[in-house]
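Shown next, in structure tokens, is the structure this report addresses.
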Amino acid sequence: MVDAPLLALHGISRSFGAGPVLDGLSLSISAGERRGLIGPNGAGKTTLINLITGKLRPDSGRVLYRGLDITDLPPHRRARLGIGRSFQILSLFGEASVGENIRGALLAKHGIGTTVARRLSSLEPIFAESEQIAALAGLLPFLGERVDTLPYGLQRRLDIALVTAQEPELVILDEPAAGLSAAETRDLIDLLEAIIRGCTLILVEHDMDVVYALSDRITVLDYGCVLTEGTPAEVNADPAVRRVYLGEETG
Amino acid sequence: MSHHLASLMVAGGLDALTYSSLAFLIASGLTVVFGMLGFLNVAHTSFYMLAGYIGFSIASRTGSFWLALLLAPPVTVALGLAAERLLFRRLYAAGHTPQLLLTIGLAYVIAETTKMIWGDDSLALAPPTGLGGHVVILGATLPVYHLFVIVITMALVGLLALLIGWTRLGMVVRAAAIHPQMVDALGFKLSAVHTFVFLVGLYLAAVAGVVMAPMLGIYPGMADDALVQSFIVVVAGGLGSLPGAFVVAGLLGLVQGFGSVFLSDYALYFPFVVLAGVLLVRPLGLFGRGGA
Amino acid sequence: MTIPGRLGPALSVLKAERGRRDLGGALATLALLAAVAAAPWLVPVAALNDLGQAVLLGLFAIGFNIVFKYSGLLSFGHAAFFGVAAYAEALLLRAFPAVPVPLLILGAAAGAGLLGLLLGHVCVRRTGAYFSMTTLAVGAFLYTIAFKWHAVTGGTDGLDEFMPAALVLLPGWRLTNPSITEIYELSAAFLIPFTLATWLILEHTPFGNAVQLVRQNEERAAFLGYDTHRVKLTNYGLAAFVAGIAGALWAISNGFVSTDSIDLTLSTTVIIMAFIGGTAWFWGPLLGSAIYIFGSDRLSAVTQHWQLWMGLAFIALVLAFPRGIAGLASLLASRLVRPRDG
């Protein structure tokens, strides 16, 4: 008896204009797994994330989460089921402060995101919780700063902090290290290690150090299909992977 | 009986074409400027109204409709150029809210100025001699003037199509719509191209303003009426799409032309029915692409 | 990982900062509402009629600004809700003269609110200029109904003679031939609690917070679990309801309803009022409508073409102070409070 996967994709196809970006792709991820998703540009990684989180609908195929068909659910319903994501291109509430950003995520998680029966300032536990999350992400000194005035690296951390505040069961990180320096990336790995403890992870990342540090299995995509799948060591040794993705010159 | 039906069809068809022609002349400039610059000019139909009034003054001074048709549109375009230079340019990059506010203010000012000069009452302009009569086709009595409106619209649209499709200037305009960054490479200034397109759009609306006068008169509310209709054309046609505007103007004309023959009581509702119908089938408009 | 103490230092700084800002806003709000309430004692009766109009149009402009300020959507057809409620109020008064007027006002406004929820399904799916154009078309459609449906709306003649000889405020409390002052007090009695409640909802509850998050970044809000369409729709319905209260009171205070209360001119006038006062402050539009009404009153004494000057002044305002009078005032206030920051 094998555990039912947390997330299962069956025969997903999706095209944009000219040709298919995903072509009958199937993928299954068990609870607690940490899956890295790699592949050359245009392999369909971001499209895949958008299909899992509900930004896009597939042309054909089904998306199952905990055995539940979520193919046609809008993003907010999937978020409420426990799917949280970060963004390759930063997507924050720029006019609000760091604290207000985190508070927004917390209010939604606690199911009081749109109530009129509470005063915002009376929600002490939410303030305390947002402070803890900010501290974890190293953002405590910036709690009152307007987000669009923050340096890029801190905005990246806030992106992760918002996912943390959601307490998702399935965390999907879309290039969390994009645009970060080597030092910032090392700090980020530490942060991610801390927050994904106990979660299931899907990680799309170009920086292979981050992928190797955080994933226990890696799926390689190429032209909208699964090229191969295995442990980091297996994938690293796979000649096909080295050819299409890592590039022979790096070997 | 079938003769009667045939004559109704002919009459309806002519009405449809006349209405579509005017709707397209008025709305095309609005939608193209919106598509290219993202600039929504609420005062666009105020210039259309202004042209009607200026045409009226020229015609009543000189006694010549033709002189009015010849002179009123360039005068209107010159006023439009002044507005573009003095006001609009400052806000091309400012986002749509200040643009809407500014052009709402301008529409207010134009409406009030026309009332100050020409009064609150509806003014009538006689069709030029020779175009005032009727012809009978398939048993339908048709105003010659309507045929004239259709011909002049066809001529203008044809000329414009030639200009855009076949001349170097047209090529630059097309480039400005699709690849703005290419315009520099072709040796033109993008802002000059934008001004040109804006003025051509105003010219078409101004012609409509003069041509319209012998049919419906000139009245203070005509800018608002035309604005509602033009917005319907832009929304239903889709994101600044000229073909979209063409098709929707045609649809509006059809419904209006035949609808007024058979269901004249409800004619005022037809444009909304067209809008709702189009948006039901294509929420982003007929030729709408992505975005919101 | 847990921070000792209930609040860490950074957060208390943040809260104090916010608190000071909130206090300033709350004081200005109280002063404005106190002025509205005390007007009958402060203003000569001759000016009270104008003030009554200003207050009602100001309430309407606040309704408009609920969509603009909080959802970032510029409605070009908000007179639809004002007008529908005005017609509804006239018809309700005619049909149920014995029912307490507050109930009828709430009924008419609720009708406008429901209409907002219905039409919002189409409108709030669009953003930017498309939202403006769509709301204009919807507004024009409702205007056309008012214009054409003579049997119900009186067409171009409008509706009159719907005011009962005595307005029933509560069972046993009637106003016979209400005076201008009494009508004004009725308007203020609705304006103050309803705007205050709306202000609290939008500025101080999670719902208002959600509306503002959705305006800033709809996509991220959705991925955090917010039903963004519903948030925008609810806010639109709230804005329609507030405009509806203004419209219903308008019918009562004028004793007459015509297509003037639902036409495009009114929809643009309310935009102008809101921006004159400043849309960044919840109460700015109320200020703007007072400036508009009294300004046009002064202007029309001097020139017949006051709208021309109003239009020119508005253009100058848009170019010079895009944030309106309230924006200018808050700028000046911040200069005064912190002159060193220059």
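The values are calculated or read from the model by the stated rules, or taken from the named source; none is laboratory data. Computed from a predicted model, the values in this text were never measured in an experiment. Heads up, the Cβs are rebuilt from the backbone with ideal geometry, glycines too, and the neighbour counts pull from every protein chain shown.
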Over the range B:87-102, the set of residues free of Cβ contacts under 8 Å to residues at least 24 places away in the same chain and more than 10 Å from chain C (Cβ to nearest Cβ) is B:A93
Counted residues in the range A:62-87 being buried (at least 18 other Cβ atoms within 10 Å of the Cβ) and either of a type in the set (F, W, Y) or more than 20 Å from A:A31 (Cα to Cα) (or both) come to 5
>> Is it the case, given these coordinates, that B:L254 is at pLDDT 85 or above and surrounded by fewer than 16 Cβ atoms within 10 Å (Cβ to Cβ)?
In response: no
Filter the range A:6-22 for residues that are out of contact with any Leu (no Cβ under 8 Å at 6 or more places or on another chain) and crowded, with 16+ Cβ neighbours inside 10 Å; the one that is farthest from A:T219 (Cα to Cα) is A:P20
Of the listed residues (B:T129, B:T141), the one being in contact with a strand residue (DSSP E or B) (Cβ under 9 Å, 6 or more places away or on another chain), under 30 Å from B:S64 (Cα atoms) and hydroxyl-bearing (S, T, Y) is B:T141
With respect to B:V233, is the statement that it is within 14 Å of chain C (Cβ to nearest Cβ), among the β-branched types (V, I, T) and either touching a residue at least 60 places away in the same chain (Cβ under 8 Å) or surrounded by fewer than 20 Cβ atoms within 10 Å (Cβ to Cβ) (or both) true?
yes
Could you tell me whether the range C:79-102 includes any residue that is crowded, with 23+ Cβ neighbours inside 10 Å, of a type in the set (A, V, I, L, M, F, W, C), in contact with a Ser or Thr (Cβ under 9 Å, 6 or more places away or on another chain) and within 14 Å of another protein chain (Cβ to nearest Cβ)? yes
Residues of the range C:233-287 being more than 13 Å from the chain's Cα centre (by Cα), surrounded by fewer than 24 Cβ atoms within 10 Å (Cβ to Cβ) and under 21 Å from C:A28 (Cα atoms), in sequence order, are C:A280
The condition of being among the charged types (D, E, K, R), touching a residue at least 24 places away in the same chain (Cβ under 8 Å) and out of contact with any Lys or Arg (no Cβ under 9 Å at 6 or more places or on another chain) holds, among A:D207, A:D190, A:D238, only for A:D207
Reported set for the range C:277-302 where residues are in contact with a Gly (Cβ under 6 Å, 6 or more places away or on another chain), among the aliphatic types (A, V, I, L, M) and at pLDDT 90 or above is C:L286, C:L287
Quiz item: under 30 Å from B:G165 (Cβ atoms) and out of contact with any helix residue (DSSP H, G or I) (no Cβ under 6 Å at 6 or more places or on another chain) - does that describe any residue in the range B:271-279?
Solution: no
> Could you say whether any residue in the range C:204-222 is at the interface with chain A (Cβ under 10 Å from one of its Cβ atoms), more than 19 Å from C:T127 (Cα to Cα) and among the hydroxyl-bearing types (S, T, Y)?
Replying inline: yes
Listed by first then second residue, the pairs whose first member lies in the range A:136-157 and is more than 11 Å from chain C (Cβ to nearest Cβ), whose partner is assigned to a strand (DSSP E or B) and among the small types (G, A, S), with beta carbons under 7 Å and at least 6 positions apart or on separate chains, are A:R146/A:S97
Filter the range B:121-141 for residues that are at pLDDT 90 or above and either within 30 Å of B:L40 (Cβ to Cβ) or surrounded by 16 or more Cβ atoms within 10 Å (Cβ to Cβ) (or both); the one that is farthest from the other protein chains (Cβ to nearest Cβ) is B:L123
### Message
For the range C:134-156, check the following and say yes or no: at least one residue is farther than 22 Å from B:A276 by Cβ, within 13 Å of chain B (Cβ to nearest Cβ) and touching a Lys or Arg at 6+ places or on another chain (Cβ under 8 Å).
### Response
yes
Residue hits (the range A:121-135; of a type in the set (A, V, I, L, M, F, W, C) and more than 7 Å from chain C (Cβ to nearest Cβ)) are A:L123, A:I126, A:I133, A:A134
Turns out the helices (runs of 4 or more DSSP H) fully within the range C:229-326 with at least 3 residues that are touching a residue at least 40 places away in the same chain (Cβ under 8 Å) and in contact with a Pro (Cβ under 7 Å, 6 or more places away or on another chain) are C:264-277
Across (1) surrounded by 15 or more Cβ atoms within 10 Å (Cβ to Cβ); (2) within 10 Å of chain C (Cβ to nearest Cβ), A:L56 clears everything bar (2)
B:A111: passes all of (1) of a type in the set (G, A, S); (2) touching a Pro at 6+ places or on another chain (Cβ under 7 Å); (3) more than 8 Å from chain C (Cβ to nearest Cβ) but (3)
Per the filter on the range B:263-292, residues outside any helix (DSSP H, G or I) and either touching a strand residue (DSSP E or B) at 6+ places or on another chain (Cβ under 8 Å) or closer than 17 Å to B:A11 by Cβ (or both) are B:L263
The residue that is farthest from B:P73 (Cα to Cα), considering only those in the range B:208-227 that are in contact with a Pro (Cβ under 9 Å, 6 or more places away or on another chain) and surrounded by fewer than 24 Cβ atoms within 10 Å (Cβ to Cβ), is B:M215
Here the residues within the range A:110-120 that are within 7 Å of chain C (Cβ to nearest Cβ) and surrounded by fewer than 20 Cβ atoms within 10 Å (Cβ to Cβ) are A:I112, A:T115, A:V116, A:R118, A:R119, A:L120
(request) Return yes when B:A205 is under 16 Å from the mean Cα position of the chain (by Cα), within 21 Å of B:L239 (Cα to Cα), crowded, with 21+ Cβ neighbours inside 10 Å and not aromatic (F, W, Y) and no when it is not. (result) yes
* Look at B:P243 and say whether it is within 12 Å of another protein chain (Cβ to nearest Cβ), surrounded by fewer than 16 Cβ atoms within 10 Å (Cβ to Cβ) and over 29 Å from B:A126 (Cα atoms). => no
